[in-house]
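Presented below is the structure to which this report refers.
Just so it is clear, none of the values below were taken in a lab; they were calculated from the coordinates. Small disclaimer: the values here were computed from a predicted structure and weren't measured. Cβ coordinates were reconstructed from backbone atoms using ideal geometry, including for glycine residues, and neighbour counts include every protein chain displayed.
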Amino acid sequence: MSTSTPPEEKKGLSGLAIAGIGCLVILAIALLGGGLLVAKGCSKFKEIAGDLDFQKDPAKAAALMALRLNPDIEIISTDDTKREVTFKTKSKGEVTTVSFDDLQDGKFTIKNAKGEVITVDGSANDGKGTTTVKGPDGSTVIGGDAAGPPPRR
């Protein structure tokens, strides 16, 4: 007569438990990495924003922030009485002056070194999403129903 031996009991964790622990480790690494990226982004934002006061003058702060974020632009001067900022495009060497007085209303004026004035106005779009650009060569309406209603099919 043959006697069967009882099966050996498994020792250690099951495959499902090992997979669960692996997933938790990957999740912890991802959260740590994401936290480090957010911290780095916040410190970079503070570095770029510098002395800008977004509560005192949001239009000026937004314009200067946008200019500082572009590595091809060098801010030459700001004039608080005229509410203008003058900057230089490094690649082309062009000097441009921007008035941020009307930014809150959705329009602004750009004046280049040649004295040409370009205005961008999105304030009177009546909810249609149109923007009017006026320059020395004329004006253009962009977006919305600027080209008229869409063709019928």
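Below is a table of values for the structure above.
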| item | result |
| --- | --- |
| Extreme residue, positive dipole direction of segment 52-142, given options PHE108, VAL120, ILE75 (C-beta unit charges) | ILE75 |
| Distant alpha-carbon pairs in segment 52-142 (separation over 21 angstrom), percent | 35 |
| Gyration tensor over alpha-carbon atoms, the chain, equivalent ellipsoid semi-axes in Å | 60, 26, 14 |
| Rg/Rh ratio calculated on Cα atoms of segment 15-98 (Kirkwood radius) | 1.33 |
| Cut-off under 5 Å, modelled amide H: who pairs with ILE73 long-range | LYS90 |
| Between helix 15-49 and the chain: long-axis angle, C-alpha atoms, 0 to 90°, nearest 10 | 20 |
| Burial ranking of peptide ranges 58-70, 80-92 (average Cβ count within 10 Å, highest at the top) | 58-70, 80-92 |
